[in-house]
Structures are given as structure tokens and as C-alpha cells.
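Okay, structure first, notes after.
The values are calculated or read from the model by the stated rules, or taken from the named source; none is laboratory data. If you're wondering where the values come from, they're calculated on a predicted model, not measured in any experiment. Ideal geometry is used to build each Cβ from the backbone, glycine not excepted, and the neighbour counts take in all protein chains shown. The accessibility values were calculated without ligands, DNA or RNA, using every heavy atom of the protein model including side chains. Shrake-Rupley method; radii C 1.70, N 1.55, O 1.52, S 1.80 Å.
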Amino acid sequence: GGAVYAKPNDYMTGQPCKKGNYCAGGKSTKCPGGYYAPVQGMGNCEKCPPGYYCNHPDGTSVPEICPTAHYCPSGTETPKVCPDGTYTEVF
């Protein structure tokens, strides 16, 4: 993903970036809403998959399943309420 090193680190501690964060230019940054980093040492965040949302205040490492009566397309930060006359099925 454009990283200089196999396991990007933050250059402050020399440690790989923690889950929910990515390292770019030697700086650790939390994943923005709608994105997540499932393992440490990532050089970028992945887009939240459909059916889930990603908005942990410290950076998301595990996407949350979309709640009932809501829908979550790819990259969802906040679940959207189903419009009147529609519904979601729980699997």
C-alpha cells in the first residue's frame, strides 16, 4: 500500500502502529470514520465493509455490525436509518 517498510512504525516509539491506526510519514494516525485497521503495523486503513460501520473514537480495529432497522453501505461511519416502508433482515 505504498509503505516504505513492511511494518510501518511511528518513529516516535519505533513500534508498529497499533490496530485502528496507520503510519504514514513516520506518524501514527487513527483511522478516520468509515475505515479500519485490523492488524498492527498498517500503512493505510481499509474501507469499512458493507453491512458494518466503523467509527471508534480511538480508530476502528474491528468493524461493528449494522444494527437492526439500519443499513450500512461500504465505508459507513454512522448507520443510516431505513426509510419508511423498508426493512432489513437479520441473518
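At a glance:
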read-out: Residue count, the range 14-52 (criterion: surrounded by fewer than 21 Cβ atoms within 10 Å (Cβ to Cβ) and either part of a loop (DSSP other than H, G, I, E, B) or aromatic (Phe, Trp, Tyr) (or both)); value: 19
read-out: Hey, residue 51 without any contact (Cβ under 8 Å) to a residue 24 or more places away in the chain and either in contact with a Pro (Cβ under 9 Å, 6 or more places away or on another chain) or farther than 30 Å from residue 14 by Cβ (or both) or not; value: yes
read-out: Qualifying residue in the range 72-86 (condition: free of Cβ contacts under 8 Å to residues at least 24 places away in the same chain, among the hydroxyl-bearing types (Ser, Thr, Tyr), part of a loop (DSSP other than H, G, I, E, B) and open to solvent by 90 Å² or more (accessible area, probe 1.4 Å)); value: no
read-out: Residue 55 being modelled with pLDDT of 90 or more and surrounded by fewer than 17 Cβ atoms within 10 Å (Cβ to Cβ); value: no
read-out: Within the range 58-71, tally of residues that are open to solvent by less than 80 Å² (accessible area, probe 1.4 Å), among the hydroxyl-bearing types (Ser, Thr, Tyr) and part of a loop (DSSP other than H, G, I, E, B); value: 1
